[in-house]
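> Right, I'll just put the structure down here and ask away after.
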Amino acid sequence: MMDQKWNESDTEVFLRYGRVFVPERGELAKTFIDLIPANHDEDFVVVDIATGGGWLTETIASTFPKAHVIALDGSPEMLKYTKDRLEQYADRLEFRHFDLFDASWLNDLPNKVRCFVSSLAIHHITFQQKQDLFKKLYSNLHNNGALLIADIVKPVNEIGRRSMSRSWDDVTKKQSLNLEGNLQAYEYFLNTEWNLFEHPDDPVDKPSTLLEQLNALQQAGFSDIDAWWVKAGHALFGGYKYE
Ligand SMILES: C[S@@+](CC[C@H](N)C(=O)[O-])C[C@H]1O[C@@H](n2cnc3c(N)ncnc32)[C@H](O)[C@@H]1O
């Protein structure tokens, strides 16, 4: 079962406005590619945890012509939409339904995953569940592999919360104008109270601070842990596993 609070109406909004609501998705995509530990002509397996509309799966499949991507999501609507949209990569993509709250999906993976990636999904689980997940991902990872996560992070104090909120608002307004040519998406962002730094009450969102998550990665066994991009309360962070 998916968390009852992420439902198909969230899916619809996110498919429509995700590129406006996510800060600097283009820069994020390039940073993921920088960090994936593989040569461009290598044959390897990546798992995209909660692929959504598939921008990250698509970025990886189009950059690494021999990469196989297992794209997971809990929304049948997302999976269908993204499978159809990325049809041109069909021979290298596998779409699987999964539940972030039930780790049994890890039992069905190939035993040599080079990279787990995820964008804007891990904040749906509690810190304890994140700790457990990081440990399980570490043990399912190929030596010389990586876990790379882009996600919302919890502010550490009120001053930080206000800054994250202001910054996310600013970037969404700018992207609404630049990407859509009007403020409709930005108004939707405001009206639906999407900025969780301003409206932190939705139980579907359980962000942890960046430091908590970096420490959890270390406890799980990862090396070379870092945050490579941080913007408007969103961060791309992760770690590597070596032989
Ligand atoms: C904010 S979207 C992010 C999608 C995509 N990774 C991106 O960056 O655009 C969150 C995704 O997580 C999925 N999701 C939410 N809760 C889930 C759960 N409990 N199990 C599996 N997937 C879930 C949703 O279907 C949605 O595709």
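Each reported figure results from applying straightforward, stated rules to the coordinates on display, with no laboratory input. Small disclaimer: the values here were computed from a predicted structure and weren't measured. Please note: Cβ atoms are built from the backbone with ideal geometry, for glycine as well, and neighbour counts cover all protein chains shown.
> When the dipole is taken about the Cα centre of segment 98-205, and only Lys, Arg (+1) and Asp, Glu (-1) are charged at their Cβ, what size is it in debye, to the nearest 20?
So the magnitude is around 620 debye.
> Something else: Tell me the GluC sites (Glu not before Pro) within segment 185-228 that lie in a loop according to DSSP and have at most 12 other beta-carbon atoms within 10 Å. Walk me through the intermediate numbers first.
Working: sites: GLU187, GLU193, GLU198, GLU212; in loops: GLU193, GLU198.
For GluC sites (Glu not before Pro) across segment 185-228 that sit outside H, G, I, E and B with at most 12 neighbouring Cβ atoms in 10 Å, the list reads GLU193.
> Something else about it: Let me have the 222 nm mean residue ellipticity of the chain computed from DSSP H runs of 4+ only, each contributing -39500 (n - 2.57), with the sum over all residues rounded to the nearest 500.
Rounded to the nearest 500, it is -12000 deg cm²/dmol.
> Between ASP102 and ASP43, with labels modelled 7 Å along Cα→Cβ, what's the label distance in nm to one decimal, could you check?
Once both label points are built, they end up 3.3 nm from each other.
> List the lysines whose alpha-carbon lies under 22 Å from that of LYS83, not counting same-chain residues fewer than 8 positions away?
LYS66
> What is the dipole size for segment 145-241, taken about its Cα centre, with +1 at each Lys and Arg Cβ and -1 at each Asp and Glu Cβ, in debye to the nearest 20?
260
> Lysines near LYS130 by alpha-carbon distance under 23 Å, same-chain residues fewer than 8 away left out - which ones?
LYS5, LYS112, LYS154, LYS206, LYS231, LYS241
> Moving on. Over 30 Å apart: what share of the alpha carbon pairs of the chain falls there, rounded to a whole percent?
So the pairs more than 30 Å apart make up 21 percent of the total in the chain.
> Out of SER208, SER167, SER104, any idea which swings most in a Gaussian network model of the chain, alpha carbons joined below 10 Å?
SER104
> For the chain, what relative contact order do you get, as a whole percent, if you take Cα pairs closer than 8 Å and at least 6 residues apart?
Computed over the chain, the figure is 22 percent.
> While we're looking at this one, here's another question. Mind putting together the pair-distance distribution for segment 105-243? All Cα pairs, 5 Å bins, whole percent per bin, short to long.
Taking all Cα pairs of segment 105-243, the binned fractions are 2, 10, 18, 20, 17, 12, 10, 8, 4, 0, 0 percent.
> Magnitude of the Cβ-charge dipole of segment 65-105, K/R +1 and D/E -1, about the Cα centre, nearest 20 debye?
In debye, rounded to 20, segment 65-105 gives about 200.
> Give the angle, between 0 and 90 degrees and rounded to the nearest 10, that separates the Cα long axis of helix 158-175 from the longest principal axis of the Cα atoms of the chain.
So the helix axis and the longest Cα principal axis differ by about 90 degrees.
> Also: Give the residue list of GluC sites (Glu not before Pro) in segment 7-79 that are DSSP loop and have at most 13 other beta-carbon atoms within 10 angstrom.
Numbers: sites: GLU8, GLU12, GLU24, GLU27, GLU42, GLU58, GLU77; in loops: GLU24, GLU42.
Within segment 7-79, the qualifying GluC sites (Glu not before Pro) (loop, at most 13 other Cβ atoms within 10 Å) are GLU42.
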